[in-house]
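Let me begin by presenting the structure, written as structure tokens, before commenting on it.
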Amino acid sequence: MVFILKSPTPLVPPTIPGSDGGSSSGYACQLLSVSPANGTIFAPRTNFSAVWTIKNTGKREWDRNSVDFVYLSGDKIHKVSGYDLNKDVSPNQSISFTVSMQAPKNASPYTTVWTLRIGSDNFCRVALYIIVQ
């Protein structure tokens, strides 16, 4: 007789390649906070907001007319895939991004990756890891 047991869901989010916040173009960042916390459990199809607070640690201002916060990869649990900055962000200032999301209907872990982008340069990757049960 053979028993196949489902392995426990990991509570540590996967590493996001290139998420160090650095860039050779003078744009850089530091993730200050993410809400909900990585590993938060949601019921299927629950609506929620993800909020990332990010600090500009680079040498260049983030111009609200040039920089966008956009979905990059991972699971598509968002309702809108890109957002404009609502203000210019000077070095050492921070900004928060709120993204409307919905937990998928199937029980599983999910990761969504977002980035700040100017032109084709992705310079600040952040992620959210949730579990649907």
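If you scan the stretch 19-33, which residues turn out to be touching a Ser or Thr at 6+ places or on another chain (Cβ under 8 Å) and either at pLDDT below 95 or of a type in the set (A, V, I, L, M, F, W, C) (or both)?
G21, A28, C29, L31, L32
T111 meets each of the listed conditions (1) more than 16 Å from the chain's Cα centre (by Cα); (2) surrounded by 12 or more Cβ atoms within 10 Å (Cβ to Cβ); (3) modelled with pLDDT of 95 or more apart from (1).
The values are calculated or read from the model by the stated rules, or taken from the named source; none is laboratory data. This structure is a prediction, so every number in the text was calculated from the model and none was measured. Cβ atoms come from the backbone with ideal geometry, glycine included; neighbour counts cover every protein chain shown.
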